[in-house]
1. Report the net charge of residues surrounding Leu464, where surrounding means a beta-carbon distance below 11 angstrom and charges are Lys +1, Arg +1, Asp -1, Glu -1.
2. Per residue and in Å³, how big is the convex hull formed by the alpha-carbon atoms of region 311-435?
3. For region 176-215 and region 345-369, compute the distance between their C-alpha centroids and round to whole Å.
4. What whole number of Å gives the distance from the Cα centroid of region 274-342 to the Cα centroid of region 147-170?
5. Tally Lys and Arg at +1 and Asp and Glu at -1 over the other residues with C-beta under 13 Å from the C-beta of Asp55: what net charge comes out?
6. Stretch Ala454-Val362 to full length: gain in nm at 0.36 nm per residue minus the Cα-Cα span?
7. Only counting other Cβ atoms within 10 Å, I'd like Ile210, Ile439 sorted with the fewest neighbours first.
8. Going by how many other Cβ atoms sit within 10 Å of their own, how do Thr196, Thr309, Thr85 line up, fewest first?
Amino acid sequence: MSSKVKKIKKTSKKAEKLIKKRNVSDKKRIIGKISKGVSKIEEEILLQPPRGMRDLLPGEQPYWAQLRRITSKLGHEYGFQRIDTPVIEYANLYTRSIGEGTDIIDKEMYTFTTKGGDKVALRPEFTAGLCRAYIQHGMNVLSKPIKLFSIGPVYRYDRPQEGRYREHWQANFDIFGEQDAVLDAQVIQLAYRVVTNLGIKNIQFQINSIGCPKCRKEYQDLLVAYLESKRQKLCQICKKRLESNPLRVLDCKEDKCVQVATNAPQSVDHLCDECHVHFKSLLEYLDELDLPYVINPRLVRGLSYYSKTVFEIWSGDEDGKKHSLGGGGRYDYLIESLGGEHTPAIGFGIGLDRLVAEMKRVKAKTYNESKPKVFLAQLGELAKKKSLRLFAELQKNGILVAESFGRGSLKSQLRVADRLGVEITLIVGQKEALDETVIIKDMVSGTQENVSHAKLVNGVKKILKNNVVVSNNLF
Ligand SMILES: [Zn+2]
Ligand SMILES: [Zn+2]
């Protein structure tokens, strides 16, 4: 056996082994390639994004554009400034702030080690990164309150299900530096306005207060004592939660846990004076604002950093099905726990993917970029060159132009113009290209004239203006 043949045999055995080891399904095929005696194992490219991720195609974008417009417009009106933090942070920032015993940290975080050996995570939420930035950039010296707005993707490695993606989008509003309950009311009002401005109705807020470290300790002891007495009735996960994060038992979705939670002691009955007054004034503000809310004593939110106010925004459809659109709460001790000075804060996030689904359901208004009313057609090489320049010239003068420069035939270009329903077609033929002129064809009146390049912009503007007058007169 020659050495070359041996090598080939060895390589294909290696490929076979790999195929076995990776339990290759029909989707994934490993091809063993041998060239010049060097082996190369290649995986077939799967023409789809990783599980739980998706493309937001151009057809979807009018919904997203509307979302971006409404969130940033209202954010601006309420005095928020935009901030962008990295999608990746050191993993322990989240472990420390969100806390062990939460689903995010225990199960759902995308954590990995970089080539340099750093343990990092794709952000599962915005708040921790914002607090890190707040401390790092010494924002505590700025005049308070400091209002920050972010928008972008967040990542959760949980089981993808209908309407829930591993990469999903959030808009986030946070206020740092003030502890007055009026701010709690203000962010809830802002959340309400964002959602209703998108055309989504039937909104309800669920509100609760989970107290501060002072009063929560006492409440938690009571709760644990109660839950211990019902231990046998809890699900397996809640039995563990009893040790790691007993508050979470209250929002378990398992029927038997819901039953236990119904009769559990409620945090609102065990607030210290300060927390009690805070919660009472928040409710007074909400009443004053006529915002639709219910107190949900079992609402705890999945994150450990919250104190006092927690809330969620829910929408209901015709079938009575309810969807959580987002939520938030106070986190007066988070910045301190990350090494900053004591800084009260409150914020909320809303899930944009869910909002888009709701917008579609209620047939909400979308945002569409304005359509061009002018089409620029050309014939021949010289005309094509001149047209590229004319296109930019018209755009610079505020005239939106459509074109089909890749097509040679005038007939097929005019078909495109027709399909777009433009009001004006500009034609640069071989003769016009030499003369430095353009034919302006008014598609409404059917008239056409030949103008010099210098007179083109004004000629087009005049026709567009006249057409508006004509169509206005019709109504
Ligand atoms: Zn308290
Ligand atoms: Zn449970």
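The numbers here are math on the coordinates, done by the rules we state, and not lab data. Not measured: the values here are computed from a predicted model. Neighbour counts are summed over all protein chains in view; Cβ atoms, including those assigned to glycine, are modelled from backbone coordinates with ideal geometry.
1. Working: positive: Lys373, Lys461, Lys462, Lys465; negative: Glu423, Asp442.
After counting each charged neighbour, the total is +2.
2. Details: hull volume 27.0 nm³, N = 125.
Taking only Cα atoms, region 311-435 has a hull volume of 216 Å³ per residue.
3. Here the answer is 17 Å between Cα centres.
4. Cα centroid to Cα centroid, the span is 20 Å.
5. On the way: positive: Arg54; negative: Glu60, Glu167, Asp353.
Surrounding charge for Asp55 is -2.
6. Numbers: separation 92, 0.36 × 92 = 33.12 nm, distance 4.91 nm.
In short, 28.2 nm is gained.
7. Working: Ile210 26, Ile439 16.
So the ranking, lowest neighbour count to highest, is Ile439, Ile210.
8. On the way: Thr196 13, Thr309 25, Thr85 17.
Ascending number of Cβ neighbours within 10 Å: Thr196, Thr85, Thr309.
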